[in-house]
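Beneath this line is the structure, given in structure tokens, with notes to follow.
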Amino acid sequence: LTVTDIEKQDLVKLAITSSSETVLIDEPFDITLTVLIKRLTGRFANAEPLFPDTPPILTIPWLAAEGIPGLNGPDINQLLNKLLIQNNRPGFAINDYTRQPDPFDFSSFMSGGKRRASFALDHRLTRQNGTDYVEYSLALPYSPKDEGNYVFGPVVFKGSVPIETDDMGKTHGM
């Protein structure tokens, strides 16, 4: 048996942070998921580094409609509805959330199946350790109603991101 470490890379980085390490019952706190994706270079440096047709999938265990036992949290359906992307813009697929086929999109309608829903997260340009990134974030408010230890994570990022563009704007991903 050979165990190998995860390959080190700087294309995508994930972080989960809490606004507080310890809280009292009914004391609000925020959990923030941050996704850093390396920015493209050249004239496309300000473009979002996501493929609109194949959004990366974020598996976020605590982002479920039933919530987390012992915590008051946001209304997940309402939150995701506000972030839902209706047209072909860059975004993220989250968990197994889907949307109904669009009757005006022939390929979607003919496939008969639901398509993964895409969500737009807040984003900004940032620099970390000399590398330029687009930072995507999702902050969720919680407050404990019961004593306990609560685990948020891990989050899994699965998908491709563009790593370079040619002069014509064609992207190559990884």
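The values are calculated or read from the model by the stated rules, or taken from the named source; none is laboratory data. Please read all numbers here as calculations on a predicted model, not as lab measurements. Because the Cβ atoms are built from the backbone with ideal geometry, glycine has one as well, and the counts that use them run over all protein chains shown. Only protein heavy atoms, including side chains, enter the accessible area calculation; ligands, DNA and RNA are left aside. Shrake-Rupley method; radii C 1.70, N 1.55, O 1.52, S 1.80 Å.
Here is how the numbers come out for the structure above:
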| quantity | calculated |
| --- | --- |
| Residues of the stretch 126-162 that turn out to be closer than 24 Å to LEU84 by Cβ and modelled with pLDDT of 90 or more, as a count | 17 |
| Selection count, the stretch 124-139, where residues are surrounded by fewer than 16 Cβ atoms within 10 Å (Cβ to Cβ) and not charged (D, E, K, R) | 8 |
| Residue check, SER108 outside any loop (DSSP other than H, G, I, E, B) and either more than 21 Å from ASP30 (Cα to Cα) or at pLDDT below 95 (or both) | yes |
| Hits in the stretch 64-90 (condition: open to solvent by less than 90 Å² (accessible area, probe 1.4 Å) and either among the charged types (D, E, K, R) or part of a loop (DSSP other than H, G, I, E, B) (or both)) | ALA64, ALA65, GLY67, ILE68, GLY70, GLY73, PRO74, ASP75, ILE85, PRO90 |
| Residue tally, condition part of a strand (DSSP E or B) and farther than 20 Å from PRO74 by Cβ, over the stretch 119-160 | 13 |
| Hits in the stretch 29-58 (condition: surrounded by fewer than 17 Cβ atoms within 10 Å (Cβ to Cβ) and at pLDDT below 95) | THR41, GLY42, ARG43, PHE44, ALA45, ASN46, ALA47, PHE51, PRO52, ASP53, THR54 |
| Criterion violated by PRO101 - all others in (1) in contact with a Gly (Cβ under 9 Å, 6 or more places away or on another chain); (2) at pLDDT 95 or above satisfied | (2) |
| Pick from the stretch 8-28, criterion open to solvent by 90 Å² or more (accessible area, probe 1.4 Å) and acidic (Asp, Glu), ranking: farthest from the chain's Cα centre (by Cα) | ASP26 |
